[in-house]
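Bear in mind these aren't lab numbers, they're just calculated from the coordinates by the rules spelled out. Worth saying up front: this structure is predicted, and the values here are computed from it rather than measured. Cβ coordinates were reconstructed from backbone atoms using ideal geometry, including for glycine residues, and neighbour counts include every protein chain displayed.
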Amino acid sequence: MSFVTSLKNTFPRPVLHSLRPMAKMVYRNNLNYLALLYGTDKWGKHWYTQHYQRYFHSLQKKRLNILEIGVGGYEDSKEGAESLRMWKTFFRKSRIVGIDINDKTHFREHRVDIRQCDQTDAVALRKLSDEYGGFDIIIDDGSHLNEHVIATFHVLFPLLRPNGIYSIEDTQTSYWPGWGGGINKPDTLMTFFKNLADGINHVEYPIPQYTPSYFDQNIVEIAFFHNLIVIRKGLNNEQSNCPELVQKEIRRMETTQISA
Ligand SMILES: C[S@@+](CC[C@H](N)C(=O)[O-])C[C@H]1O[C@@H](n2cnc3c(N)ncnc32)[C@H](O)[C@@H]1O
């Protein structure tokens, strides 16, 4: 039984409702608690918020645009928006946008925009990103179909703002045939992202005239967790890997060696 369910069984609804604002104030900096409070499975069933806490705590008070693919509840119009409420409480100055293939627009509220949109609709995704001037954080918790995850990443990652963070949840579907996955299958999402990890070292390839891809040049970190991938966008070339201070030190060492 989850923590939230046991609370629901213990206390009458009006008591729980009266405690909610207080709990929100106390736990607004803790994503694990907020996930339980709002009832998203990012903590309790899955264990994602512990990782998000590390990536997002320094961004918490910034004015960001955050997109989550998958509002939740599937065809049930009464269910959904739990994670959007969690993000809204945690990122207190940010705009939260959720998209879902099912209509969840009735869950819109102050700072939370929701659109009905298929994550494979590249035109709609580009239009949405343009409308917001780009997103700083994108979380893919949509269909989890391998083909969709990869296609959506191709469209949205280039539109992610500099230093943005892109995450993909429920990556276990990479191994599940029903989701287009499979063990040792070449076109799964895990194979795709594992290949991108090599690109982080592309400047070291012993290939003359190697032409780096967009992903080679704009990914500085890929972290693989249980069922979760987190990718950080940033400039990845000879210069960015050798910041000014390091370059200065190299020049100093070179001149010392020459004069010695
Ligand atoms: C796992 S739920 C999202 C849960 C929510 N993000 C949370 O953490 O509480 C997945 C949602 O993705 C939606 N979905 C499925 N296929 C989709 C697609 N092709 N495009 C957009 N949303 C999709 C489903 O309708 C469902 O509501």
*For residues that are assigned to a loop (DSSP other than H, G, I, E, B) and either surrounded by fewer than 19 Cβ atoms within 10 Å (Cβ to Cβ) or of a type in the set (A, V, I, L, M) (or both), tally how many sit in the range 180-204.*
8
*Run down PHE135, PHE107, PHE91 and say which single residue is away from the ligand (no atom under 14 Å from the Cβ), surrounded by 16 or more Cβ atoms within 10 Å (Cβ to Cβ) and closer than 20 Å to ASP41 by Cβ.*
PHE91
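This table checks each residue for (1) more than 23 Å from HIS57 (Cβ to Cβ); (2) touching a helix residue (DSSP H, G or I) at 6+ places or on another chain (Cβ under 9 Å).
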residue: PHE107; (1), (2): yes, yes
residue: ALA124; (1), (2): yes, no
residue: HIS144; (1), (2): yes, yes
residue: SER167; (1), (2): no, yes
residue: SER174; (1), (2): yes, yes
residue: GLY178; (1), (2): yes, no
residue: LYS194; (1), (2): yes, no
_Residue satisfying condition, being under 20 Å from VAL220 (Cβ atoms), in a loop (DSSP other than H, G, I, E, B) and under 12 Å from the mean Cα position of the chain (by Cα), within set PHE135, PHE56_ = PHE135
*Only residues in the range 24-45 that are closer than 15 Å to LEU84 by Cα count as the first member; pair them with residues that are acidic (Asp, Glu) and assigned to a helix (DSSP H, G or I), Cβ under 7 angstrom, at least 6 apart or cross-chain, and list the lot.*
TYR38/GLU82; GLY39/GLU82; THR40/GLU82
*asked:* Given the condition of a type in the set (Gly, Ala, Ser) and surrounded by 14 or more Cβ atoms within 10 Å (Cβ to Cβ), answer yes or no: does some residue in the range 45-64 qualify?
replied: no
*Selection status of LYS127, away from the ligand (no atom under 12 Å from the Cβ), in contact (Cβ under 8 Å) with a residue 24 or more places away in the chain and under 19 Å from ARG161 (Cβ atoms)*: no
_Tally, over the range 59-74, of residues that are outside any helix (DSSP H, G or I) and either more than 10 Å from the ligand (Cβ to nearest atom) or basic (Lys, Arg) (or both)_ = 8
*Residue ID - farthest from the chain's Cα centre (by Cα), chosen from residues in the range 94-104 that are more than 11 Å from the ligand (Cβ to nearest atom) and not hydroxyl-bearing (Ser, Thr, Tyr)*: ARG95
_Output for the range 24-58, where each listed residue is under 30 Å from ALA122 (Cβ atoms), away from the ligand (no atom under 12 Å from the Cβ) and not aromatic (Phe, Trp, Tyr)_ = HIS51
*If THR173 passes every condition in (1) assigned to a helix (DSSP H, G or I); (2) hydroxyl-bearing (Ser, Thr, Tyr); (3) touching a strand residue (DSSP E or B) at 6+ places or on another chain (Cβ under 7 Å) but one, which one does it miss?*
(3)
*Have a look at SER83, SER143, SER77 and point out the one that is outside any loop (DSSP other than H, G, I, E, B), among the small types (Gly, Ala, Ser), within 11 Å of the ligand (Cβ to nearest atom) and touching a residue at least 12 places away in the same chain (Cβ under 8 Å).*
SER83
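A quick yes/no check of all residues on (1) hydroxyl-bearing (Ser, Thr, Tyr); (2) surrounded by fewer than 20 Cβ atoms within 10 Å (Cβ to Cβ); (3) in a helix (DSSP H, G or I):
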site: ASP118; (1), (2), (3): no, yes, no
site: ALA124; (1), (2), (3): no, yes, yes
site: ILE139; (1), (2), (3): no, no, no
site: ALA151; (1), (2), (3): no, yes, yes
site: SER167; (1), (2), (3): yes, no, no
site: GLY178; (1), (2), (3): no, yes, yes
_Which numbered condition SER129 fails, given (1) crowded, with 16+ Cβ neighbours inside 10 Å; (2) farther than 18 Å from ILE168 by Cβ; (3) hydroxyl-bearing (Ser, Thr, Tyr)_ = (2)
